[in-house]
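Colleague: Pasting a structure below so you can have a look.
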Amino acid sequence: MDASETVGKDSRGYDGGKSRDGRKRHVLTDTKGLLLAVTVTTADVHDSKAAPALLETFMDQPGRLLKLVWVDSAYQGAALAKAFTRHGVRVEVVRRSDGHRGFVVLARRWVVERTLSWLSRSRRLNRDHERRPDHHQQMVWWAAMIRLSRQMAGDPPRRPEKRPGRLLQARA
């Protein structure tokens, strides 16, 4: 995600593939899309380089168990394969079938994309304002906890266009 001017040059980078200047979030979710682990790096760190550290920090905590992880093709490499085998995790790469052009929904990969979409609804995460990456990481956890608590309470998502009278009040 793009960073504001408060983010120092030492903790920001440029991702040429997405034309983004700032930081990148790497997340690990369960099959329902609930956040299990998150790490924040500069945008120029490739996904395959950040994933081993994310996996290690998650698996180092007691009681953590992963059997199968679905990843996209960016999450490949010797360091990541070594981290997966060290913990006995089976990896399946979700690939795009050849011949398709444009947007295609890929099995299991949409779960992570949906989680990132849920997180981006938090106003604080639309743009990175935090000076330190660990502070931004905590903001991601904060947004995930708000989403989870609303889901547990049975609270419907808050969408301005769905609230009666909201748009009329705003125009007045």
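Colleague: Can you list residues whose amide H is under 5 Å from Asp72's amide H, if they're 5+ apart or on another chain and H is modeled 1.01 Å from N?
Modeller: Val94
Colleague: Multiplying the sequence separation of Thr31 and Ser149 by 0.36 nm and subtracting their Cα-Cα distance, what value in nm do you get? It would help to have the intermediate numbers written out before the result.
Modeller: Values: separation 118, 0.36 × 118 = 42.48 nm, distance 1.80 nm.
Additional length available on full extension: 40.7 nm.
Colleague: OK, next. Give me the net charge of Arg114's neighbourhood, meaning all other residues with Cβ under 13 Å from the Cβ of Arg114; Lys, Arg count +1, Asp, Glu -1. Kindly include the intermediate steps, with their values, before the conclusion.
Modeller: On the way: positive: Lys32, Arg108, Arg109, Arg121, Arg147; negative: Asp30, Glu113.
So the surrounding residues net to +3.
Colleague: Give me, ordered by chain and number, the residues 5 or more places off Thr42 or on other chains with an amide H under 5 Å from its own placed amide H.
Modeller: Lys24
Read-outs throughout are calculated quantities, based only on the coordinates presented, and are distinct from any laboratory measurement. For clarity, every value in this text was computed on a predicted model and none was experimentally measured. Cβ: placed from backbone, ideal geometry, glycine included. Neighbour counts: every protein chain shown.
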